Amino acid sequence: MGPGPPDDGEMTRTGRRSAQGRAELGRGRCYSRPVRRPGPPAVVLAGLVLLASGLLGVSPASARGPLPAGRNPSLISQMVCRPKAQREIAGVLGLTARVSRPTWIDHLYSCRYQYRNGAFALSVKELSSWSATRDYFANLGRQLGNTQSVSGLGQGAFETADGSLVVRKDYKVLLVDISGLPAQFGRPPTSASDVGNTIGDLILGCWSGD
């Protein structure tokens, strides 16, 4: 994605998982990141960027910025409900879900992962500016209860009163709603809030581009 917004300041509280632990968990599990291959020399890359910018009628700086919400959901948003994500989440939780047909309403892309003894929902809200994204993120904190900041995820993250996870990155806000899960879930069983953090780790590790 594009360049980040001004810093919010260092978070003083962390979630139940350390940033290092989340990095270990997500290593090798990104379901969308392509294999990095040696690229052409920097001079050639710069020339290609300038050429593309001229053809598209935009400047390189504007081309690097986050894309605003559009008529259709972005690929980044669609990732959370696609089969590759479903397989990765099943591998982490040790359980396979029935995933509902995704919905796209008011720039909110969402789906529900249903299990025999519970369910969680994933949603991505797409916005069009830093201020709108920050406001939406803050409003979720007031509505759901911002009980604990979580470090190492996106450009801001917190746990809610029921252990769900909210993460902000560029012009998107991810909600991992675990309110439909039992207190212990998965194989082996773990706390529902840790399940939310685990899923957030997995998804954010793959969020690149718009």
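Of the listed requirements (1) at pLDDT 95 or above; (2) in contact with a strand residue (DSSP E or B) (Cβ under 6 Å, 6 or more places away or on another chain); (3) within 17 Å of Asp177 (Cα to Cα), Arg142 misses just one: (2).
For every residue, the table says whether it meets (1) in contact with a Pro (Cβ under 8 Å, 6 or more places away or on another chain); (2) modelled with pLDDT of 95 or more.
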residue	(1), (2)
Leu175	no, yes
Ser179	no, yes
Leu202	no, no
Gly205	no, no
Asp210	yes, no
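Evaluate segment 138-160: report whether one residue or more is touching an Asp or Glu at 6+ places or on another chain (Cβ under 9 Å) and part of a strand (DSSP E or B). Within segment 138-160, one or more residues are touching an Asp or Glu at 6+ places or on another chain (Cβ under 9 Å) and part of a strand (DSSP E or B). Considering (1) assigned to a strand (DSSP E or B); (2) touching a strand residue (DSSP E or B) at 6+ places or on another chain (Cβ under 6 Å), the lone condition that Trp104 does not fulfil carries the number (2). Criterion applied to Ser151, Ser110 was being surrounded by 14 or more Cβ atoms within 10 Å (Cβ to Cβ) and more than 20 Å from Cys81 (Cβ to Cβ), and the one residue passing it is Ser151.
Any chance you could count how many residues in segment 152-210 are among the polar types (S, T, N, Q), over 13 Å from Leu122 (Cβ atoms) and touching a residue at least 24 places away in the same chain (Cβ under 8 Å)?
Narrowing segment 152-210 to residues among the polar types (S, T, N, Q): 155, 160, 164, 179, 184, 190-191, 193, 197-198, 208.
Going one step further and asking which of them are over 13 Å from Leu122 (Cβ atoms), we end up with 155, 160, 184, 190-191, 193, 197, 208.
Next, only the ones that are touching a residue at least 24 places away in the same chain (Cβ under 8 Å) stay: 155, 191, 193, 197, 208.
Qualifying residue count for the region: 5.
With the structure loaded, tell me whether Gly70 is at pLDDT below 95 and under 23 Å from Tyr136 (Cβ atoms) or whether it fails that test. Considered against the rule, which asks whether it is at pLDDT below 95 and under 23 Å from Tyr136 (Cβ atoms), Gly70 comes out as yes.
Of the residues Leu181, Leu174, Leu93, the single one that is under 13 Å from the mean Cα position of the chain (by Cα) and under 13 Å from Gly196 (Cα atoms) is Leu174.
The values are calculated or read from the model by the stated rules, or taken from the named source; none is laboratory data. Here the structure is a predicted model, which means the values were calculated and not measured. Here Cβ is always computed from backbone atoms with ideal geometry, including for glycine, and neighbour counts include all displayed protein chains.
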